[in-house]
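Notes for the one structure printed next.
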Amino acid sequence: MSKSAPIRNSPLDDQISAILIERIESAFYQANSRLPSESELADEFGVSRATIRTALSTLAANGWVKRRHGVGTFIRPHNRVSNSLNEVVDYHDLITGQGFDFEYQHIRSSFKEANQKIAGALNIEQDAAVLEVVKAFISENELLIHTINTIPGDLWELFAGIWLIVKGFSSSEIASASAKPIY
């Protein structure tokens, strides 16, 4: 690939980030491959290592690369988890569809009383019981998605009962499970 030199009319780190993204998108740098060192990139672009470090930090923050202290900077496969925020999302499909392996962590579930904001959003009475479920989706020890789902308590009880029936639990098992979280 021809050497792309930054031009001096916008911040150098932004220009270098754009050049590196172009190289990643064109597969000049292959997924999971190691980028040249900061020193090598600084020499190539004729800038300081600090400028390269800032550009690489930007790429890491936006999911293009993974930085490993003392090892190097590596191209992430499928560079970012992206989604329009107004769509209903299956997080498993979203994450795996973009090439990430992940683990799901259930952080906590608890019933609480709906405050005014939650009650208004869910169209329920203030102080009605709601189930709050907090989850994290993690890849390579990095948080990809953190969710806080709030479900009206009566709706949760209905879904939980249907789920137990579909799974073939007996009525006595359903009665004993009603005090236990099901997720």
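Before moving on, here are some points about what is shown:
- When VAL89, VAL47 are sorted by how many other C-beta atoms sit within 10 angstrom of their C-beta, beginning with the fewest, the order is VAL89, VAL47.
- Computed over all pairs of different Cα atoms, the Kirkwood value for the hydrodynamic radius of the range 12-75 is 11.5 Å.
- Pair TYR91, ALA61: separation of 7 Å Cα→Cβ label points (nm): 2.4 nm
- Computed FRET value (nearest 0.05) for GLN30 with LEU155, which takes r as the C-beta separation and R₀ as 45 Å: 0.45
- Candidate aspartates and glutamates - alpha carbon under 14 Å from LYS135, same-chain residues fewer than 8 apart omitted: ASP90, GLU103
- Likely footprinting exposure, SER17, SER10, SER37, fewest C-beta neighbours within 10 Å first: SER10, SER37, SER17
- Simple spin-label estimate for ALA136 and ILE107 in nanometres, 7 Å along Cα-Cβ: 0.7 nm
- In plain terms, the residue of ASP13, ASP90 with the fewest other Cβ atoms within 10 Å comes first and the most crowded comes last, giving ASP90, ASP13.
Each reported figure results from applying straightforward, stated rules to the coordinates on display, with no laboratory input. Owing to the predicted nature of the structure, the values given are computational and were not obtained by experimental measurement. For neighbour counting, all protein chains shown are included, and Cβ atoms are generated from backbone atoms with ideal geometry for every residue, glycine included.
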